[in-house]
């Protein structure tokens, strides 16, 4: 997928990639599914590509570019939580440090990309800190995270933070149209994706996800006026039917966007929508949703109980 938006961040990184001494560590922070990992890979291609165009941009065709796209380039290592795990373990950081200490295949840099870096457990973070304190050779570490506050302060102090934001709706619309979406569909998906280009492409490629989105909105509208028995039933049905945390997170993200939209309606004077809630009520619901999402993503919390407690507060 092409890198969409984030022009300022790309310009900063592009300028750095041309320097002889590139900073040893970066934190790419910002919401999920907005292109942070894509830009990290593009940064790597800027460093390794041998066939750059007249503007100095990577060709995306040479061995280095193709290998980076396919996650097979020997000087770029990407780590994330292993299948079935909610955390990045110390053993993964040891392996990454060992690879970064090896001589570069192309006599250049060694790059390590840690996706969802906030999921490093405390032992992994302390191990990474040692690598940051005593870097070996020409190596670069990029930590990608939506929750930089979960990184220990000593890691944050040793890395350059590049902040990323949600994308403009028009950028997402135009990209979807370039992929073959009809104008009306592109507008609908851009609205649903709330600035997350990765989510927008998922919606475009998987029409069933659009149906799930609309159904999730209907469900939360119904739950707002349902009795406790129906809320408990829904919590059980929701957790039983969802095999992975990703499905639960997607549903709660939809709910969160729903309540943010309703809050804006309230702020701008439409008091009739969800009349039982004030603006402050909606702010508290959004905070509770964010907290539960975070707990499900990073701990072994009882998911059914967490969803029940969330729905009770509606």
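Every number in this text was worked out from the coordinates using simple rules, so none of it is lab data. Because the structure is a prediction, the values reported are computed rather than measured. We place every Cβ from the backbone using ideal geometry, glycine too, and count neighbours over all the protein chains shown.
Which angle from 0 to 90°, rounded to the nearest 10, does the C-alpha axis of helix 7-17 make with the longest principal axis of the chain? Between helix and principal axis, roughly 20 degrees. Helical content of the chain, expressed as a calculated mean residue ellipticity at 222 nm, amounts to -17000 deg cm²/dmol (DSSP H runs of 4 or more residues, -39,500 (n - 2.57) each, divided by residue number, nearest 500). For the stretch 7-163, the relative contact order is 33 percent, taking Cα pairs closer than 8 Å that sit 6 or more residues apart in sequence and dividing their mean separation by the residue count. Look at the alpha carbon pairs under 8 Å that are at least 6 residues apart: their mean separation over the length of the chain gives a relative contact order of 18 percent.
What the Cβ-Cβ distance of residue 53 and residue 160 gives, at R0 = 30 Å and to the nearest 0.05, is a FRET efficiency of 0.65. Here's the picture: a label point sits 7 Å out from the Cα of residue 232 along the beta-carbon direction, and within the stretch 299-314 the residues with their amide nitrogen under 13 Å of it are 305, 308-309, 312. Computed from Cα positions, the angle between helix 279-298 and the longest principal axis of the chain comes to roughly 50 degrees. Which one, 145, 131, 299, has the greatest fluctuation when you compute a Gaussian network model over the chain with C-alpha springs under 10 angstrom? Comparing 145, 131, 299 in a Gaussian network model of the chain, the most mobile one is 299. Packing here is the average count of other Cβ atoms within 10 Å per residue, and on that basis the peptides 226-237, 75-86, 57-68, highest first, run 57-68, 75-86, 226-237.
Could you tell me which of rounded, prolate or oblate describes the stretch 206-312, using a ≥ b ≥ c as the square roots of the eigenvalues of the alpha-carbon gyration tensor, with rounded for a/c under 1.5 and, failing that, prolate when a/b is larger than b/c and oblate otherwise? Walk me through the numbers before you get to the answer.
On the way: a/c = 1.62, a/b = 1.47, b/c = 1.10.
Taking the square roots of the gyration eigenvalues as a ≥ b ≥ c, the stretch 206-312 is prolate.
Against the main long axis of the alpha-carbon atoms of the chain, helix 245-267 sits at an angle near 60°.
Taking a ≥ b ≥ c as the square roots of the Cα gyration tensor eigenvalues, with a/c under 1.5 meaning rounded and otherwise prolate when a/b beats b/c, else oblate, which class fits the stretch 7-163? Don't jump to the answer; show the numbers that get you there.
Details: a/c = 1.60, a/b = 1.43, b/c = 1.12.
Prolate, since a/c reaches 1.5 and a/b exceeds b/c.
Of all the options 188, 253, 70, the one that moves most in a Gaussian network model of the chain with Cα springs shorter than 10 angstrom is 70. The computed Cα extents along the principal axes in Å for the structure shown corresponds, within [x] 57, 43, 35; [y] 78, 46, 40; [z] 65, 45, 33, to [z]. Take the Cα of residue 86, go 7 Å toward its beta carbon, and the backbone nitrogen atoms of the stretch 217-245 under 20 Å from that spot belong to 235-245.
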